[in-house]
Amino acid sequence: MKVDGHHYRSVWLTDDGLSVAVVDQTKLPFYFEIRTLRTCDEVVLAIKDMVVRGAPLIGASAACGLRLATLEDPSDDYLQAQALALIAARPTAINLRWAVDRVCSRLLQANPKQRADLALKEAQTICDEDVDNNSCIGSHGETVFVEHWRAKGSKNPLNVLTHCNAGWLATVDWGTALAPIFKAHNAGIPVHVWVDETRPRNQGAALTAWELKAHGVPHTVIVDNAGGHLMQQGQVDLCIVGSDRTTRTGDVCNKIGTYLKALAAHDNGVPFYVALPSSTIDWNISDGRKEIPIEERNKDEVLYVHGIGADNVPTQVRVTTTSEALNPAFDITPKHLVTGLITERGICAANELELLKLFPENRA
Ligand code: MRU
């Protein structure tokens, strides 16, 4: 995606292959800064502190981190320790484990002397595949948008509601839920996006709104509690969100608050789509509510809000006095609330049979 006329990915290995460059998402929307990570430990910290975030992006970043690990020490012991540290950095998004397992399985079979080159290639392949897959998701999703827009008479803008940030910043490029929005907008379909602010970290207000503005897509930021009301008023034509982990049976784990939007959509007959690359599908589990670990983050994310003051200096303010706080970062939307899963291979109903038709290699 372009920022001020320059094309950026959210993560990339630098030309000399010795470090990892990322867009620092803790600084957005007020400052666009590139941060250079020089060790695998720095990549682990960047994932933990959400300098990089979003399921596909943390997977790709971890793959790049393992490349740095091979430069530090290509031994089995070191790589396995770094792999565990990367996976533990964020427990919910399965893309992280998927990418680490994929890179490690290649590296551990090879002679340690060849591992640095192999890791470089594999990390770059994972990044490139993510871009291609998200672009395909965008094209499949665009067809859904066109259908809904035609169904409402092709006159007024298609009103789409999204939660959290599933744009290019959450992936290597394009995004998942936002890819169809970008593609439909590029194709001249009038799209307007309701952007859930997404407390506590405000990924919607800070990141999604910033991306949409940069791309020229009309949008309106709303508080997380407004979506149900807008659906009742007929102001939402469809919802689309990303996913951090989807079970083989179609249960969707995504940012906290997604479930409430899906319930409201169901009650109001509003289609609720989930856009996800297959790296987000956990083929080993069937019951999202029982089997997906929900990350609990620092309660300060609830107790404080961040922004910039009148002096343009980043600041945080406390929003309660001495109350306790709880901060589960994700929730599960059961499959029966999902209208369709938009993947790189096409769109299917949220159930095992249909998912396996698209991805038959996972039948076993
Ligand atoms: O905690 P985050 O910001 O990493 O959570 C991200 C989300 O929940 C996204 O909606 C998800 O990764 C969508 S996939 C691009």
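The values are calculated or read from the model by the stated rules, or taken from the named source; none is laboratory data. These figures come from a predicted structure and were not determined experimentally. Quick reminder, even Gly has a Cβ in these numbers, built from the backbone with ideal geometry, and neighbours come from all protein chains shown.
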Of the residues Leu178, Leu212, which single one is more than 13 Å from Gly141 (Cα to Cα), crowded, with 21+ Cβ neighbours inside 10 Å and within 16 Å of the ligand (Cβ to nearest atom)?
Leu212
In the range 231-282, the residues that are small (Gly, Ala, Ser) and over 16 Å from Thr208 (Cβ atoms):
Gly234, Gly250, Ala262, Ala264, Ala265, Gly269, Ser278, Ser279
Looking at Gly340 and the list (1) closer than 26 Å to Ala88 by Cα; (2) crowded, with 16+ Cβ neighbours inside 10 Å; (3) not hydroxyl-bearing (Ser, Thr, Tyr), which single condition is not satisfied?
(1)
Report those helices (runs of 4 or more DSSP H) wholly inside the range 35-95 carrying at least 2 residues which are under 14 Å from the mean Cα position of the chain (by Cα) and either surrounded by 23 or more Cβ atoms within 10 Å (Cβ to Cβ) or hydrophobic (A, V, I, L, M, F, W, C) (or both).
55-72
Counting just the residues of the range 246-256 that are touching a Phe, Trp or Tyr at 6+ places or on another chain (Cβ under 8 Å) and over 26 Å from Val146 (Cα atoms), which one comes out farthest from the ligand (Cβ to nearest atom)?
Arg248
Name the pairs: first residue in the range 87-113 and away from the ligand (no atom under 16 Å from the Cβ), second residue β-branched (Val, Ile, Thr) and outside any helix (DSSP H, G or I), Cβ to Cβ under 6 Å, at least 6 apart or on different chains?
none
Could you tell me whether any residue of the range 189-199 is within 16 Å of the ligand (Cβ to nearest atom), out of contact with any strand residue (DSSP E or B) (no Cβ under 6 Å at 6 or more places or on another chain), over 20 Å from Phe272 (Cβ atoms) and not in a loop (DSSP other than H, G, I, E, B)?
no
If a residue has to be in contact with a strand residue (DSSP E or B) (Cβ under 8 Å, 6 or more places away or on another chain) and away from the ligand (no atom under 14 Å from the Cβ) to count, how many in the range 289-299 make the cut?
2
Counting only residues that are basic (Lys, Arg) and free of Cβ contacts under 8 Å to residues at least 12 places away in the same chain, which one in the range 306-364 is farthest from the ligand (Cβ to nearest atom)?
Arg363
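Table: residues versus (1) at pLDDT 95 or above; (2) more than 15 Å from Trp194 (Cα to Cα); (3) of a type in the set (Gly, Ala, Ser).
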{"site": "Asp224", "(1), (2), (3)": "yes, no, no"}
{"site": "Gly228", "(1), (2), (3)": "yes, no, yes"}
{"site": "Gln232", "(1), (2), (3)": "yes, no, no"}
{"site": "Thr249", "(1), (2), (3)": "yes, yes, no"}
{"site": "Tyr259", "(1), (2), (3)": "yes, yes, no"}
{"site": "Ala262", "(1), (2), (3)": "yes, no, yes"}
{"site": "Gly269", "(1), (2), (3)": "yes, yes, yes"}
{"site": "Phe272", "(1), (2), (3)": "yes, no, no"}
Please determine whether any residue of the range 215-238 is in contact with a helix residue (DSSP H, G or I) (Cβ under 7 Å, 6 or more places away or on another chain) and either within 14 Å of the ligand (Cβ to nearest atom) or of a type in the set (Asp, Glu) (or both).
yes
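Conditions (1) assigned to a helix (DSSP H, G or I); (2) closer than 30 Å to Asn225 by Cα, marked per residue:
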position	(1), (2)
Leu120	yes, no
Thr125	yes, no
Asp128	yes, no
Gly141	yes, yes
Phe145	yes, yes
His148	yes, yes
Gly153	no, yes
Sole miss for Thr70 among (1) touching a Lys or Arg at 6+ places or on another chain (Cβ under 6 Å); (2) of a type in the set (Ser, Thr, Tyr); (3) free of Cβ contacts under 8 Å to residues at least 24 places away in the same chain is condition (3)
Somewhere in the range 221-240, is a residue over 18 Å from the mean Cα position of the chain (by Cα), within 30 Å of Phe359 (Cβ to Cβ) and assigned to a strand (DSSP E or B)?
yes
hydroxyl-bearing (Ser, Thr, Tyr), touching a Cys at 6+ places or on another chain (Cβ under 7 Å) and part of a loop (DSSP other than H, G, I, E, B) - does that describe any residue in the range 168-177?
no
Has the range 38-61 got at least one residue that is in contact with a Lys or Arg (Cβ under 8 Å, 6 or more places away or on another chain), free of Cβ contacts under 8 Å to residues at least 24 places away in the same chain and at negative phi?
no
In the range 146-172, residues that are of a type outside the set (Ser, Thr, Tyr) and either under 20 Å from Ala264 (Cα atoms) or buried (at least 24 other Cβ atoms within 10 Å of the Cβ) (or both) total 14
